[in-house]
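See structure below.
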Amino acid sequence: MNLIYITGTSKGIGEALANELLKDPANKVVGIARSQTIKHNNYIHFNIDLSDIEQIKTFKFKTPPGTKKVVLVNNAGTLGEITHFGNISADMIHKTINVNLTAALIFMNDFIKAYQYAAVPKLIINITSGAANSAYDGWGMYCASKAAIDMATKVAHEEQQKHRSPIKILGIAPGGVDTNMQTQIRNVRPENFSRKQKFVELKEQNELYLPIDVARKLKDIIDKPEYAESQLISRLELP
């Protein structure tokens, strides 16, 4: 049995990826999100608010008998409030950083602690974004947290090269995907995000990827991580 942990499985890429993986009876998926939308014999759900660090700390990684591969996909993410610095509430900063960064780092740290010496293939995929390398006005918390995820991925990858039983660690940017996040961007006031029209046009011109397309590509990487071996931090190439 392949054991795959995914954060943010209640919608978007996380939900699509979980459903795609569950088509294979050899996969067991553990979903971590505030709400459950998936019902399947091989799906286990943990109701955890990823903005609440105390809830995150209660989660424990386990190794059921017969586990042949373990995977963590840090997928959950939020734009938070799209507005300029000076207008963001302290609570929103705290919540956005917790969801996008702190939760992912805790899960990555605990996954490594639990499985470092497990004699099975091990993989961590951190979902990142082009925003990690681009300054989008109004996206301060999202850009900052994704840049931090990229660096944490690089550091963890470097550390794993020193272990005799290394865990493969990748950062994957899926590009523009037709999710609730895109809806939020299109509905923002232009004074809070000057590039709003670009994202409106992406939707109007059908240039956004579907979550299922991204999910299928991520499944390919989970099945055969060597597909993504050329780059530690990479953007998905979809048709």
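We did not get these values from a lab; they are worked out from the coordinates using the rules stated. On a predicted model such as this, the values are computed, not experimentally measured, just so you know. A quick note on method: Cβ atoms are made from the backbone with ideal geometry, for glycine too, and the neighbour counts reach across all protein chains shown.
Excluding same-chain neighbours fewer than eight residues apart, the aspartates and glutamates reachable from residue 203 by a Cα-Cα span under 14 Å are 178.
Taking the C-alpha atoms only, the angle from helix 12-21 to the longest principal axis of the chain is near 20 degrees. The C-alpha radius of gyration of segment 121-220, expressed as a fraction of 2.2 N^0.38 Å, stands at 1.28. Projection of the Cα convex hull of the chain, averaged over all directions and equal to a quarter of that hull's surface, yields 12.8 nm². Loop-resident trypsin sites (Lys or Arg not before Pro) (DSSP state other than H, G, I, E or B) in segment 95-200 with no more than 10 further Cβ atoms inside 10 Å of their Cβ: 162, 164. Using the Stokes-Einstein relation with a Kirkwood hydrodynamic radius computed over Cα pairs, the translational diffusion coefficient of segment 47-99 at 10 °C and a viscosity of 1.306 mPa s comes to 116 µm²/s.
Annotation: extensible slack from residue 1 through residue 198 equals 66.6 nm (criterion: 0.36 nm per residue apart, minus Cα-Cα distance). Taking the inverse of the mean 1/r over every pair of distinct Cα atoms in segment 1-76 gives a Kirkwood hydrodynamic radius of 12.4 Å. Evaluated with a Cβ-only charge set (Lys, Arg +1; Asp, Glu -1), segment 73-194 carries a dipole of roughly 460 debye about its Cα centre, given to the nearest 20. Computed from point charges on the beta carbon alone (+1 for Lys and Arg, -1 for Asp and Glu), the dipole magnitude for segment 101-169 about its Cα centre is near 320 Debye. The slack in the chain from residue 116 to residue 90, taken as 0.36 nm per residue of separation less the alpha-carbon distance, amounts to 5.7 nm. Out of every Cα-Cα pair that segment 32-74 contains, those further apart than 17 angstrom amount to 43 percent. The aspartates and glutamates whose alpha-carbon is closer than 20 Å to the alpha-carbon of residue 154, local same-chain residues fewer than 8 away aside, are 110, 226, 229.
Restricting segment 115-150 to chymotrypsin sites (Phe, Trp or Tyr not before Pro) that sit in a DSSP loop and have at most 13 other Cβ atoms within 10 Å of their own Cβ leaves 117. Among the GluC sites (Glu not before Pro) within segment 167-239, those in coil by DSSP and having at most 15 neighbouring Cβ atoms inside 10 Å are 207, 229, 237. Relative to the dominant Cα principal axis of the chain, helix 103-115 is inclined by about 10°. For segment 1-128, the ratio of Cα radius of gyration to the globular rule of thumb 2.2 N^0.38 Å stands at 1.10. Modelled spin labels at residue 232 and residue 161, positioned 7 Å past Cα toward Cβ, are 0.7 nm from each other.
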